[in-house]
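The values are calculated or read from the model by the stated rules, or taken from the named source; none is laboratory data. This is a predicted model, so every value here is computed, not measured. Ligands, DNA and RNA are excluded from the accessible area calculation, which covers all protein heavy atoms including side chains. Shrake-Rupley method; radii C 1.70, N 1.55, O 1.52, S 1.80 Å.
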Amino acid sequence: MTTTDPVAEGSVRWLTTEEQSAWRGLQRMQAHLAGVLNRDLSARSGLSLPDYTVLVVLSEQPEGRMRAFELGRELGWEKSRLSHHVARMAERGLLSREKCPSDQRGLFVSLTPLGRTELERAAPGHVEAVRENFVDLLTPHQLRSLSEIADRVVESLGEQCRNETEGSLP
């Protein structure tokens, strides 16, 4: 894939004050919110926010399982991060790993009964923390706008990731 380097070309489009404020605000919000939610979830249930996220994604699948590469793609995680995290969760009995019968290199990640129980136990408190620290602070209009913004950015990033994976140009 051939790309141009804006720095080498001298055509960097620096962020305006408003753009920089939005970008940094998003970064601060995400970092602080993730920290608060992770600490709350851990104190209430012993699960980390990444644990909870993995369990939620698997629980939304018809059989409670996914191919590892699909789970990684859904989470936006690199292969090594997913592999290490899934291994730790499997050691705790929250997940199981099974070889894919049609692809010996492939792996299924499955929610165990213990994983489902822990998710169901943690969910009410986590939802309350999400409401308290995020949802209830925003108006319905702000929530809709944020949802639209997130969808637009994720859609664009998804296209870029697919293009990189498939080796095609954007």
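Which percent of the accessible area of the chain is formed by carbon and sulfur heavy atoms (probe 1.4 angstrom)?
Details: 6500 of 12220 Å².
The C+S portion of the solvent-accessible surface of the chain is 53 percent.
The slack in the chain from residue 78 to residue 137, taken as 0.36 nm per residue of separation less the alpha-carbon distance, amounts to 18.0 nm.
Using a Gaussian network model of the chain in which every pair of alpha carbons under 10 angstrom is joined by a spring, one finds that among 89, 66, 29 the greatest mean-square fluctuation is at 29. Applying the Karplus relation 6.51 cos²θ - 1.76 cosθ + 1.60 with θ = phi - 60° to segment 58-64 yields 3J(HN,Hα) values of 5, 5, 7, 8, x, 9, x Hz, where x marks Gly and Pro. Think of a 1.4 Å ball rolled over the protein heavy atoms: segment 1-125 then has 69 Å² of accessible area per residue. Taking amide hydrogens as placed 1.01 Å from N in the peptide plane, the amide H of residue 106 sits under 5 Å from those of 100, each at least 5 positions away in sequence or on another chain.
3J(HN,Hα) along segment 125-139, derived from phi through the Karplus expression 6.51 cos²θ - 1.76 cosθ + 1.60 where θ = phi - 60°, amounts to x, 5, 4, 4, 5, 5, 4, 5, 9, 9, 4, 6, 8, 10, 7 Hz, with x in place of Gly and Pro.
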